[in-house]
Amino acid sequence: MEPTTTANNGGGRRSRNDSSSGGGVAGEISGGTNGIPDSSSTLTECIIVDPSSFLYVDNTHSTLSSPPTAPTQTKDAATIQKAANLLRSGLPVAFPTETVYGLAANATDASSVSAVFRAKGRPSDNPLIVHVSSLAMLESLLPSSHPTIPSIYTAALRAFWPGPLTILLPRGPRIPLSVTGGHGTMAIRFPSHPIARALIDACGFPLAAPSANTSGRPSPTLASHVYADLNGRIPLIIDGGPCDCGVESTVLDGLRNPPAILRPGGVTWEELKELPGLENVQVYKRDFVEAGMEAAPTTPGMKYRHYSPEAEVVLFELRSTSAATVANGDCVSGGVPSLEVARTRLRQTLDSEIHRLLSPTPPASTSSPSRIGVLRTWGDATTSIPTSATSSIEEYHLGNAATSPLDVARHLFQGLRELEDRGVDVILVEGIGEEREGLAVMNRLRKAAARVVYVDV
């Protein structure tokens, strides 16, 4: 069958707000209004902190309140205190979590939160996630009308907190409406990264933190990604090395019936549906859609185009024409092509697009890119790209989705940014199945893509 193409709004080449890249102690702050420091007096620092300097030994999951042991590196403790002092003064700070780097502000102070929106260029109706370092801190944010965590979340918190899971709760009066996008619910997460926990502990207040990138760009999984986007906009980046998950947290709404995953992420649907009370958990966009939720999202990642590099992203996605589906790791029966046949067909379609783009006489509606980026997700599968064309192509292997969709998720944003840094004009991406972490990967890729090419199998 011929592949089918659809286009997303806002496609095409993006314009970056900041062309700098790299890490280190870096450049001057630009813009000196509305709480952002003036370039004449402040530098954006990037300071390396060793996550192993902060050791947490959690006691029972009924409290999740274990304080850290004494830091093994005095300089690392000093950096955390420096960051906490900046946050107390109302300035945003970038810090690592197990998912992606976050841009933090005091979640209980509307003025501090507004500095995060300005630094990112983030729309004001896009909610932020509130990060806590204990259940006691979380409970202090709840309204008096709902003073306890709903029991629907009990099993999930025991299994996945601290970790890459966000839950929706009724908003209490301490959390400004600017954090929640004007909604009566708030998104809460207890991160597991020791630097994130140490920073929240040092502050003594919860941190509202979206991803630490310019709004709409790929989320940062390295400190250098933060620096490339926000150099000159924030005073401090804490460099804790690469993020482990590589995609944002899963957002679970247990206030609705049945409960729903509003944004897939580091905790999978397969893991959640095994828990008592969550056997019927749905996935937004896959199992249901609500127009009101799309227009006024209660959690980040739902409304706006996200995760887009400067280069145009074209996603090649397998689409089953029968009731059966093509899985990441298993062959399927009943007349549906096996995984190997399906992924070969997808790769052939992608390679045909490369041939078309490199043609000396491309279609009139298509400009011929000088360099093409390809994100590979199927390991060492062969390609039909001729050797004569390889000088115009940059490839980045995310991993083998057949054996480890987690690896693909972990390297996704880094791959998009790496190809952008290599100067490609378009990035062609091999889609994967939606099993396990593949659900989060495809959610991000569909948001990033200017165009989707469906390959029917």
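Each reported figure results from applying straightforward, stated rules to the coordinates on display, with no laboratory input. Please read these numbers as outputs of a predicted model, since none were measured by experiment. Reconstructed Cβ throughout: ideal geometry from the backbone, glycine too, with neighbour counts over all protein chains shown.
Descriptive notes on the structure:
- Amide hydrogen proximity for Gln282: with H placed 1.01 Å from N in the peptide plane, the residues at 5 or more positions away or on another chain lying under 5 Å are Ala260, Ile261.
- For a straight C-alpha distance cut-off of 26 angstrom, the lysines reachable from Lys273 (same-chain residues fewer than eight places away being disregarded) are Lys285, Lys303, Lys447.
- Annotation: amide H of Thr166 within the under-5 Å range of Thr250, Val251, Leu252, sequence separation 5 or more or interchain, hydrogens built in the peptide plane.
- Inter-site label distance for Ser370 and Ala155 at 7 Å from Cα along Cβ, in nm: 5.7
- FRET E, pair Asp50, Ser338, Förster distance 30 Å, beta-carbon r, rounded to 0.05: 0.05
- Listed peptides 272-280, 151-159 by packing density, highest first (mean Cβ within 10 Å): 151-159, 272-280
- Simple Cβ-charge dipole of segment 124-273, Lys/Arg +1 and Asp/Glu -1, about Cα centre, in debye nearest 20: 260
- Long-range amide H partners of Ile427 with built H, under 5 Å: Glu312, Val313, Val314, Gly373
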